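The values are calculated or read from the model by the stated rules, or taken from the named source; none is laboratory data. Note that this is a predicted model, so its numbers are computed, not measured. Every residue, glycine as well, gets a Cβ built from its backbone with ideal geometry; the counts of neighbours run over all protein chains shown. Heavy atoms of the whole protein, side chains included, go into the accessibility calculation; ligands, DNA and RNA do not. Shrake-Rupley method; radii C 1.70, N 1.55, O 1.52, S 1.80 Å.
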Amino acid sequence: MTDSNDIQQKVLSYKKQFENSDIETILLFFLNQYRGKIALASSFGAEDQALTHLLWSLDHSIRVFTLDTGRLNQETYDVMQETRIKYNIPIEITFPDSQAVTEMVNKYGPNLFYESVEKRKMCCGVRKVQPLRKKLAELDVWITGLRREQSVTRSDIAVIEYDETHDMIKLNPLAEWTNDQVWAYISANEVPYNKLHDLGYPSIGCACCTRAVLSGQDIRAGYPGRQVVVGGT
Ligand code: SF4
């Protein structure tokens, strides 16, 4: 078993090795080096869709997983299905523990997340944090669609990082991309995208906790539960 120090050392050495490399080179290396133990975490937002296309163009056997919290929009299931068909890849859907959801909802009701920050954290814990942790335990490297310009808390993310929370390697290949670059890539490559974006949703999450934003607002403003968002999915 690799210990935390080894992983951190590897990350430092990868950072140095790929300091001046383009993202295709970096991704190709990691896809080969960690075959079967590397996957994209997708919430079916624009960045994740661009990355699915990019990864698939490098390796048709890429793994893509998603957390189905049980509260997603129909549009998200629609693009999930479209993506499965277009790229002919299985989307690995991870569900929350049914017993934990049952106990939480029976005790606090289906809309507990509107009542307090604590209950929202509890709901995210059951529906997102625990399933994500369980899924990541299968992997050595996970890939996310996080970008620096998405918020101040993401302004210093790197393309290659050590994920302290999950004690593993995390890749953020689009860290330096702008929103315009993401959409230009989607358009140029005819990538299927979530129709919620056409309705003004900048990011995709649970239907009850994500909303459209007005032009000029922080793009994370559409996510009222953002203070407890996990894993960047
Ligand atoms: S985003 Fe909302 S519905 Fe989804 S897991 Fe978090 S609190 Fe629950």
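Kirkwood hydrodynamic radius of the chain from all distinct Cα pairs, in Å?
Mean inverse Cα-Cα distance, inverted, gives 18.3 Å.
Over the heavy atoms of Met80, what accessible area does a 1.4 Å probe trace out, to the nearest 10 Å²?
10 Å²
What aspartates and glutamates could a cross-link reach from Lys16, if we take a straight Cα to Cα line under 14 Å and drop same-chain neighbours fewer than 8 places away?
Glu161
Taking the solvent-accessible surface of protein heavy atoms with a 1.4 Å probe, what is the per residue accessible area of the range 4-228 in Å²?
50 Å²
For the chain, what does -39500 (n - 2.57) per DSSP helix run (n ≥ 4), summed and divided by total residues, give at 222 nm, in deg cm²/dmol to the nearest 500?
Here the helix-only value at 222 nm equals -11500 deg cm²/dmol.
What angle, in degrees between 0 and 90 and rounded to the nearest 10, separates the Cα long axis of helix 74-87 from the longest principal axis of the Cα atoms of the chain?
Around 30 degrees separate the two axes.
Pulled fully out, how much extra length does the chain show between Arg84 and Leu28, if you take 0.36 nm times their separation in residues and subtract their Cα-Cα distance?
18.0 nm
Sorted by mean Cβ packing within 10 Å, highest first, what order do the peptides 172-180, 137-145 take?
The packing order, highest mean first, is 137-145, 172-180.
How large are Rg and Dmax for the range 5-89 when calculated on the C-alpha trace, in angstrom?
Computed over the Cα atoms of the range 5-89, radius of gyration and Dmax are 15.0, 43 Å.
Using amide H atoms built in the peptide plane, which far-off residues or other-chain residues are under 5 Å from Asn73 H to H?
Ala207
Return one number: the angle in degrees, 0 to 90 and rounded to the nearest 10, between the long axis of the Cα atoms of helix 4-17 and the longest principal axis of the Cα atoms of the chain.
Roughly 60 degrees between the two axes.
Could you pull out every residue, at least 5 positions away or on a different chain, whose amide H is within less than 5 Å of the one on Val64? Hs are placed 1.01 Å off N in the peptide plane, and Pro or chain starts have none.
When sequence neighbours closer than 5 places are left aside, the close amide H contacts are Leu40, Glu92.
At 7 Å along the Cα-to-beta-carbon direction for both Gln8 and Val105, put a label point, then send me their distance in nm to one decimal.
Spacing of the two 7 Å Cα→Cβ label points: 4.1 nm.
Tell me the relative contact order for the chain as a rounded percent, counting alpha carbon contacts under 8 Å between residues six or more apart.
Computed value for the chain: 25 percent relative contact order.
If each residue of separation counts as 0.36 nm, what is the full-extension length gain between Lys15 and Ser57 once their alpha-carbon separation is subtracted?
12.8 nm
So, taking all protein chains as they sit and a 1.4 Å probe, how much accessible area belongs to Phe95, in Å² rounded to tens?
Result for Phe95: roughly 130 Å² accessible.
Would you work out what percent of the accessible area of the chain, with all protein chains in place, is carbon or sulfur (probe 1.4 Å)?
49 percent
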